[in-house]
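The values are calculated or read from the model by the stated rules, or taken from the named source; none is laboratory data. Everything numeric in this text was worked out from a predicted model, so none of it was measured. Cβ: placed from backbone, ideal geometry, glycine included. Neighbour counts: every protein chain shown. Please note that ligands, DNA and RNA were not included when accessible areas were found on the heavy atoms of the full protein model with its side chains. Shrake-Rupley method; radii C 1.70, N 1.55, O 1.52, S 1.80 Å.
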Amino acid sequence: MKEWRKSGKFALISLMCAAALTGGCTSGSTPEETEDDTTNLTVVGFSEVGAESDWRVANTESMKATFTESNGYELLFDDAKQKQENQIAAIRNFILQEVNYIVVDPVVEDGWEGVLQEAKDADIPVIVVDRMVKTDEDLFTAWVGSDFYEEGQKATVWLENYLEEQGRVHERIDILHVQGTEGSSAQIGRTKSLLEAIEVHGSWRLIGSVQGEFTQAKTYEVVRDVLETGSIPDVIYCENDNSMLGALQALDEKNISHGVDGRVIVISFDASKPGLEECKAGRINLDVECNPDHGPRVEAIIRQIEAGETPEKYCYVEETCFEPQELTQEFIDSRGY
Ligand code: GYE
(Lines give C-alpha, C1' and ligand atoms only; values in the text may rest on other atoms or scores of the structure.)
Protein backbone atom coordinates (compact mmCIF):
# COMPACT_ATOMS: atom_id res chain seq x y z
CA MET A 1 0.00 0.00 0.00
CA LYS A 2 1.18 3.50 -0.73
CA GLU A 3 2.25 5.52 2.25
CA TRP A 4 0.37 8.80 2.36
CA ARG A 5 2.07 10.14 5.43
CA LYS A 6 3.05 13.78 5.30
CA SER A 7 6.78 14.00 4.76
CA GLY A 8 8.78 17.20 5.13
CA LYS A 9 8.34 17.68 1.41
CA PHE A 10 4.59 17.26 1.64
CA ALA A 11 4.44 19.64 4.59
CA LEU A 12 6.12 22.26 2.42
CA ILE A 13 3.86 21.46 -0.50
CA SER A 14 0.85 21.78 1.73
CA LEU A 15 1.93 25.29 2.72
CA MET A 16 2.47 26.16 -0.92
CA CYS A 17 -0.93 24.67 -1.75
CA ALA A 18 -2.57 26.58 1.04
CA ALA A 19 -1.19 29.82 -0.37
CA ALA A 20 -2.13 28.90 -3.91
CA LEU A 21 -5.58 27.75 -2.93
CA THR A 22 -6.30 30.79 -0.83
CA GLY A 23 -5.28 32.87 -3.81
CA GLY A 24 -7.55 30.77 -5.96
CA CYS A 25 -10.49 31.19 -3.63
CA THR A 26 -10.22 34.86 -2.95
CA SER A 27 -8.98 36.24 -6.25
CA GLY A 28 -12.60 36.93 -7.18
CA SER A 29 -11.78 36.94 -10.88
CA THR A 30 -15.05 37.48 -12.68
CA PRO A 31 -15.92 34.72 -15.12
CA GLU A 32 -16.70 35.90 -18.61
CA GLU A 33 -19.94 33.95 -18.65
CA THR A 34 -23.33 35.30 -17.77
CA GLU A 35 -26.20 33.15 -16.58
CA ASP A 36 -27.70 33.19 -20.06
CA ASP A 37 -24.50 32.22 -21.75
CA THR A 38 -24.47 28.57 -20.67
CA THR A 39 -22.36 27.44 -23.62
CA ASN A 40 -19.28 28.97 -22.01
CA LEU A 41 -19.77 27.25 -18.69
CA THR A 42 -17.08 24.86 -17.48
CA VAL A 43 -18.78 21.52 -16.99
CA VAL A 44 -17.76 19.62 -13.85
CA GLY A 45 -19.00 16.11 -13.14
CA PHE A 46 -18.77 15.33 -9.43
CA SER A 47 -19.24 11.84 -8.06
CA GLU A 48 -19.96 12.15 -4.31
CA VAL A 49 -19.73 9.21 -1.88
CA GLY A 50 -23.24 9.57 -0.46
CA ALA A 51 -24.99 11.35 2.38
CA GLU A 52 -23.91 9.12 5.27
CA SER A 53 -22.77 11.84 7.67
CA ASP A 54 -22.91 15.52 8.61
CA TRP A 55 -19.39 15.80 7.20
CA ARG A 56 -20.60 14.48 3.86
CA VAL A 57 -23.58 16.82 3.73
CA ALA A 58 -21.28 19.78 4.42
CA ASN A 59 -18.90 18.56 1.72
CA THR A 60 -21.72 18.32 -0.83
CA GLU A 61 -22.92 21.80 0.12
CA SER A 62 -19.43 23.19 -0.31
CA MET A 63 -19.17 21.71 -3.82
CA LYS A 64 -22.64 22.87 -4.83
CA ALA A 65 -22.05 26.38 -3.49
CA THR A 66 -18.78 26.64 -5.44
CA PHE A 67 -19.70 25.16 -8.81
CA THR A 68 -22.60 27.46 -9.63
CA GLU A 69 -23.57 29.00 -12.95
CA SER A 70 -22.85 32.46 -11.59
CA ASN A 71 -19.31 31.25 -10.91
CA GLY A 72 -19.04 29.99 -14.48
CA TYR A 73 -19.78 26.29 -13.95
CA GLU A 74 -22.34 23.67 -14.72
CA LEU A 75 -22.21 20.99 -12.05
CA LEU A 76 -23.33 17.46 -12.81
CA PHE A 77 -23.76 16.01 -9.34
CA ASP A 78 -24.07 12.29 -8.67
CA ASP A 79 -24.73 10.74 -5.26
CA ALA A 80 -23.22 7.24 -5.28
CA LYS A 81 -25.09 6.09 -2.18
CA GLN A 82 -21.85 4.65 -0.77
CA LYS A 83 -21.39 2.25 -3.72
CA GLN A 84 -18.28 2.21 -5.88
CA GLU A 85 -20.18 0.65 -8.80
CA ASN A 86 -22.44 3.74 -8.84
CA GLN A 87 -19.36 5.96 -8.94
CA ILE A 88 -17.88 4.04 -11.85
CA ALA A 89 -21.19 4.32 -13.74
CA ALA A 90 -21.36 8.07 -12.99
CA ILE A 91 -17.81 8.64 -14.24
CA ARG A 92 -18.55 6.72 -17.46
CA ASN A 93 -21.59 8.92 -17.89
CA PHE A 94 -19.50 12.08 -17.35
CA ILE A 95 -17.07 10.83 -20.02
CA LEU A 96 -19.95 10.26 -22.46
CA GLN A 97 -21.19 13.76 -21.78
CA GLU A 98 -17.70 15.12 -22.48
CA VAL A 99 -17.49 17.13 -19.28
CA ASN A 100 -14.47 19.43 -18.86
CA TYR A 101 -13.45 18.01 -15.47
CA ILE A 102 -14.27 14.93 -13.46
CA VAL A 103 -14.14 15.26 -9.68
CA VAL A 104 -14.43 12.11 -7.61
CA ASP A 105 -14.57 11.50 -3.88
CA PRO A 106 -13.85 7.77 -3.97
CA VAL A 107 -15.75 5.62 -1.50
CA VAL A 108 -12.81 3.18 -1.27
CA GLU A 109 -9.20 3.35 -2.44
CA ASP A 110 -9.01 0.22 -4.61
CA GLY A 111 -10.46 -0.58 -8.00
CA TRP A 112 -10.14 2.67 -9.97
CA GLU A 113 -7.60 1.84 -12.71
CA GLY A 114 -10.09 0.89 -15.42
CA VAL A 115 -12.43 3.84 -15.28
CA LEU A 116 -9.70 6.41 -14.64
CA GLN A 117 -7.83 5.08 -17.66
CA GLU A 118 -11.02 5.66 -19.68
CA ALA A 119 -11.13 9.27 -18.46
CA LYS A 120 -7.46 9.71 -19.35
CA ASP A 121 -8.03 8.26 -22.82
CA ALA A 122 -10.85 10.79 -23.24
CA ASP A 123 -8.44 13.57 -22.16
CA ILE A 124 -10.59 14.64 -19.22
CA PRO A 125 -8.63 15.74 -16.15
CA VAL A 126 -9.64 13.92 -12.97
CA ILE A 127 -9.39 15.63 -9.60
CA VAL A 128 -9.66 13.36 -6.56
CA VAL A 129 -11.02 14.94 -3.41
CA ASP A 130 -11.15 13.91 0.27
CA ARG A 131 -10.43 10.16 0.09
CA MET A 132 -7.63 8.75 -2.07
CA VAL A 133 -7.44 6.33 -4.97
CA LYS A 134 -4.72 3.71 -5.00
CA THR A 135 -3.70 3.82 -8.67
CA ASP A 136 -0.85 4.96 -10.87
CA GLU A 137 -0.38 8.63 -10.18
CA ASP A 138 -0.73 9.55 -13.83
CA LEU A 139 -4.39 8.48 -13.82
CA PHE A 140 -5.42 11.61 -11.91
CA THR A 141 -4.30 15.22 -12.06
CA ALA A 142 -4.40 16.19 -8.40
CA TRP A 143 -5.76 15.21 -5.01
CA VAL A 144 -6.85 17.46 -2.14
CA GLY A 145 -7.95 16.27 1.28
CA SER A 146 -6.92 15.44 4.82
CA ASP A 147 -4.08 13.44 6.29
CA PHE A 148 -6.19 10.79 7.99
CA TYR A 149 -3.19 9.02 9.50
CA GLU A 150 -2.09 12.26 11.10
CA GLU A 151 -5.63 12.82 12.40
CA GLY A 152 -5.42 9.41 14.08
CA GLN A 153 -2.05 10.29 15.55
CA LYS A 154 -3.48 13.46 17.07
CA ALA A 155 -6.08 11.28 18.78
CA THR A 156 -3.68 8.67 20.10
CA VAL A 157 -1.11 11.21 21.31
CA TRP A 158 -3.93 13.06 23.07
CA LEU A 159 -5.05 9.80 24.74
CA GLU A 160 -1.53 9.04 25.89
CA ASN A 161 -1.20 12.50 27.50
CA TYR A 162 -4.67 12.37 29.01
CA LEU A 163 -4.06 9.00 30.67
CA GLU A 164 -0.76 10.29 31.99
CA GLU A 165 -2.47 13.34 33.51
CA GLN A 166 -5.00 11.01 35.11
CA GLY A 167 -2.25 8.83 36.57
CA ARG A 168 -3.48 5.85 34.55
CA VAL A 169 -0.31 5.07 32.57
CA HIS A 170 0.08 1.57 34.00
CA GLU A 171 -3.61 0.76 34.19
CA ARG A 172 -5.08 -1.64 31.63
CA ILE A 173 -7.06 0.41 29.11
CA ASP A 174 -9.74 -1.44 27.14
CA ILE A 175 -10.43 0.19 23.78
CA LEU A 176 -13.47 -0.34 21.58
CA HIS A 177 -12.77 0.66 18.00
CA VAL A 178 -15.66 1.76 15.78
CA GLN A 179 -14.44 1.66 12.20
CA GLY A 180 -15.70 3.69 9.25
CA THR A 181 -16.38 2.29 5.77
CA GLU A 182 -13.84 -0.46 5.22
CA GLY A 183 -11.25 0.36 2.57
CA SER A 184 -11.90 4.12 2.61
CA SER A 185 -8.90 6.37 3.18
CA ALA A 186 -10.48 7.88 6.30
CA GLN A 187 -10.88 4.42 7.82
CA ILE A 188 -7.44 3.21 6.70
CA GLY A 189 -5.54 6.19 8.11
CA ARG A 190 -7.43 6.54 11.39
CA THR A 191 -7.29 2.77 11.99
CA LYS A 192 -3.58 2.54 11.23
CA SER A 193 -2.73 5.17 13.85
CA LEU A 194 -4.82 3.45 16.50
CA LEU A 195 -3.37 0.00 15.85
CA GLU A 196 0.18 1.37 15.91
CA ALA A 197 -0.48 3.12 19.22
CA ILE A 198 -1.93 -0.06 20.72
CA GLU A 199 1.23 -1.92 19.67
CA VAL A 200 3.40 0.65 21.41
CA HIS A 201 1.41 0.90 24.66
CA GLY A 202 1.59 -2.42 26.48
CA SER A 203 -1.35 -1.54 28.72
CA TRP A 204 -3.75 -0.61 25.89
CA ARG A 205 -5.93 -3.50 24.78
CA LEU A 206 -8.24 -3.68 21.79
CA ILE A 207 -11.41 -5.34 23.07
CA GLY A 208 -13.21 -5.12 19.75
CA SER A 209 -13.31 -3.62 16.29
CA VAL A 210 -16.84 -3.05 15.07
CA GLN A 211 -18.08 -1.72 11.74
CA GLY A 212 -20.07 1.49 12.13
CA GLU A 213 -20.07 2.48 8.44
CA PHE A 214 -19.68 6.15 9.46
CA THR A 215 -23.38 6.25 10.39
CA GLN A 216 -25.23 6.83 13.64
CA ALA A 217 -27.78 4.05 13.09
CA LYS A 218 -25.26 1.28 12.34
CA THR A 219 -22.93 2.32 15.15
CA TYR A 220 -25.74 2.45 17.68
CA GLU A 221 -26.54 -1.19 16.84
CA VAL A 222 -23.00 -2.52 16.98
CA VAL A 223 -22.05 -0.67 20.17
CA ARG A 224 -25.31 -1.70 21.83
CA ASP A 225 -24.45 -5.34 20.98
CA VAL A 226 -21.04 -4.97 22.64
CA LEU A 227 -22.56 -3.39 25.76
CA GLU A 228 -25.17 -6.16 25.90
CA THR A 229 -22.35 -8.62 26.60
CA GLY A 230 -21.65 -6.72 29.82
CA SER A 231 -18.31 -5.41 28.64
CA ILE A 232 -17.68 -1.71 29.29
CA PRO A 233 -14.71 -0.20 27.44
CA ASP A 234 -12.50 2.48 28.96
CA VAL A 235 -12.24 4.18 25.59
CA ILE A 236 -14.44 4.27 22.50
CA TYR A 237 -12.55 5.40 19.39
CA CYS A 238 -15.18 6.44 16.84
CA GLU A 239 -13.94 7.11 13.33
CA ASN A 240 -16.42 9.94 12.74
CA ASP A 241 -18.93 12.14 14.54
CA ASN A 242 -22.02 10.32 13.38
CA SER A 243 -20.72 7.01 14.65
CA MET A 244 -19.86 8.79 17.90
CA LEU A 245 -23.50 9.93 18.15
CA GLY A 246 -24.60 6.31 17.72
CA ALA A 247 -22.14 5.17 20.41
CA LEU A 248 -23.42 7.84 22.85
CA GLN A 249 -26.98 6.72 22.17
CA ALA A 250 -26.06 3.14 23.13
CA LEU A 251 -24.15 4.27 26.25
CA ASP A 252 -26.95 6.57 27.39
CA GLU A 253 -29.48 3.81 26.98
CA LYS A 254 -27.45 1.69 29.41
CA ASN A 255 -26.84 4.62 31.75
CA ILE A 256 -23.10 4.30 31.29
CA SER A 257 -21.48 7.69 31.85
CA HIS A 258 -19.01 9.06 29.32
CA GLY A 259 -16.91 12.09 28.51
CA VAL A 260 -15.14 14.47 30.85
CA ASP A 261 -16.66 13.31 34.16
CA GLY A 262 -17.71 9.91 32.94
CA ARG A 263 -16.49 6.37 32.93
CA VAL A 264 -15.89 5.96 29.18
CA ILE A 265 -13.46 8.21 27.33
CA VAL A 266 -14.91 9.04 23.89
CA ILE A 267 -12.79 10.15 20.94
CA SER A 268 -14.26 11.25 17.63
CA PHE A 269 -13.31 12.70 14.25
CA ASP A 270 -14.73 15.44 12.00
CA ALA A 271 -15.55 18.28 14.42
CA SER A 272 -18.84 18.83 12.66
CA LYS A 273 -21.38 21.04 14.47
CA PRO A 274 -23.18 18.13 16.19
CA GLY A 275 -19.79 16.68 17.19
CA LEU A 276 -18.56 19.95 18.65
CA GLU A 277 -21.83 20.40 20.55
CA GLU A 278 -21.27 17.04 22.26
CA CYS A 279 -17.67 17.99 22.93
CA LYS A 280 -18.53 21.39 24.41
CA ALA A 281 -21.08 19.68 26.68
CA GLY A 282 -18.25 17.42 27.91
CA ARG A 283 -20.08 14.32 26.68
CA ILE A 284 -17.03 13.38 24.60
CA ASN A 285 -13.39 14.06 25.36
CA LEU A 286 -11.85 14.92 22.00
CA ASP A 287 -12.99 15.78 18.49
CA VAL A 288 -10.28 15.73 15.82
CA GLU A 289 -11.00 18.14 13.01
CA CYS A 290 -11.56 17.01 9.43
CA ASN A 291 -12.41 19.89 7.14
CA PRO A 292 -15.13 19.20 4.51
CA ASP A 293 -14.99 22.58 2.78
CA HIS A 294 -13.37 21.29 -0.39
CA GLY A 295 -15.37 23.16 -3.04
CA PRO A 296 -13.09 26.23 -3.15
CA ARG A 297 -10.00 24.00 -3.04
CA VAL A 298 -11.12 21.95 -6.02
CA GLU A 299 -12.03 25.12 -7.87
CA ALA A 300 -8.57 26.55 -7.20
CA ILE A 301 -7.07 23.44 -8.80
CA ILE A 302 -9.32 23.84 -11.84
CA ARG A 303 -8.30 27.49 -12.18
CA GLN A 304 -4.65 26.47 -12.12
CA ILE A 305 -5.24 23.92 -14.87
CA GLU A 306 -7.21 26.48 -16.89
CA ALA A 307 -4.31 28.91 -16.53
CA GLY A 308 -1.96 26.28 -17.97
CA GLU A 309 -0.28 25.67 -14.62
CA THR A 310 0.43 22.28 -13.10
CA PRO A 311 -1.26 21.92 -9.72
CA GLU A 312 0.56 20.14 -6.91
CA LYS A 313 -0.25 16.45 -7.00
CA TYR A 314 -1.15 16.20 -3.31
CA CYS A 315 -2.57 19.01 -1.25
CA TYR A 316 -3.14 18.43 2.48
CA VAL A 317 -5.51 20.62 4.48
CA GLU A 318 -4.25 21.95 7.81
CA GLU A 319 -6.42 20.79 10.72
CA THR A 320 -6.57 20.83 14.50
CA CYS A 321 -8.47 19.08 17.30
CA PHE A 322 -10.81 20.22 20.06
CA GLU A 323 -11.29 19.50 23.75
CA PRO A 324 -14.40 20.58 25.71
CA GLN A 325 -12.78 23.33 27.75
CA GLU A 326 -11.67 25.33 24.71
CA LEU A 327 -15.05 25.36 22.93
CA THR A 328 -17.54 28.21 23.07
CA GLN A 329 -20.98 28.40 21.49
CA GLU A 330 -19.84 31.48 19.61
CA PHE A 331 -17.01 29.53 18.01
CA ILE A 332 -19.25 26.60 17.06
CA ASP A 333 -21.83 28.92 15.53
CA SER A 334 -19.16 30.77 13.59
CA ARG A 335 -18.09 27.64 11.72
CA GLY A 336 -19.66 26.99 8.37
CA TYR A 337 -20.10 23.24 8.93
O1 GYE B 1 -14.88 11.61 8.37
C2 GYE B 1 -17.00 10.90 7.62
C3 GYE B 1 -17.52 10.72 6.24
O4 GYE B 1 -14.07 10.78 4.05
C5 GYE B 1 -13.32 12.35 5.63
O6 GYE B 1 -16.41 10.36 5.49
C7 GYE B 1 -14.46 11.63 5.08
C8 GYE B 1 -15.25 10.84 6.11
C9 GYE B 1 -15.74 11.62 7.30
O10 GYE B 1 -18.61 9.96 6.12
O11 GYE B 1 -17.87 11.60 8.45
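Given LYS83/LYS273; LYS280/LYS313; LYS81/LYS254; LYS83/LYS280; LYS83/LYS313, which pairs have Cα atoms separated by over 30 Å? Exceeds cut-off: LYS280/LYS313; LYS81/LYS254; LYS83/LYS280. Annotation: amide H-H contacts under 5 Å for PHE77 (H modelled 1.01 Å from N, sequence separation of 5 or more, or interchain): PHE46. Rounded to the nearest Hz, the phi-derived 3J(HN,Hα) couplings of region 41-47 under the Karplus curve 6.51 cos²θ - 1.76 cosθ + 1.60 (θ = phi - 60°) are 6, 7, 8, 10, x, 10, 9, where x marks glycine and proline.
For a quick check of your reading of the filter: which GluC sites (Glu not before Pro) in region 175-261 sit in a DSSP loop and have no more than 15 other Cβ atoms within 10 Å?
Filter output for region 175-261: GLU182.
Under the simplified labelling scheme, the LYS64-LYS273 pair shows an inter-label distance of 1.5 nm, with each label point 7 Å from Cα along Cα→Cβ.
Of the beta bridges in region 209-310, as assigned by DSSP with both residues counted there, near 0 percent are antiparallel. Rolling a 1.4 angstrom probe over the protein heavy atoms with all chains in place gives the chain an accessible area of 43 Å² per residue.
Label reach from GLU98 (point 7 Å along Cα→C-beta): in region 53-79, amide nitrogens under 19 Å belong to 73-76.
Expressed as a whole percent, the proportion of Cα-Cα pairs in region 198-244 lying more than 18 Å apart is 32%. Here is how the number arises for the chain: DSSP H runs of 4 or more residues each give -39500 (n - 2.57), the sum is divided by the residue count, and the result at 222 nm is -13000 deg cm²/dmol.
With only the Cα atoms considered, region 211-337 has a convex hull volume of 118 Å³ per residue.
With θ taken as phi - 60° and the Karplus curve 6.51 cos²θ - 1.76 cosθ + 1.60 applied, the whole-hertz 3J(HN,Hα) list for region 105-110 is 10, x, 4, 10, 7, 8 Hz, x standing for glycine and proline. Within the chain, helices built from complete DSSP H runs that reach 24 Å or longer along their own axis (Cα positions) and carry a mean Kyte-Doolittle hydropathy of 0.0 or higher are 8-26. Per-atom-type breakdown for region 257-337 gives carbon and sulfur 44% of the accessible area (1.4 Å probe, protein chains only). Amide H contacts under 5 Å for ILE173: TRP204, ARG205, restricted to partners 5 or more places along the chain or on a different chain, H placed in the peptide plane at 1.01 Å from N.
The separation of region 268-292 from region 61-97, counted between C-alpha centres, amounts to 29 Å. Over the C-alpha atoms of the chain, the Rg to Rh ratio, Rh being the Kirkwood estimate, stands at 1.00.
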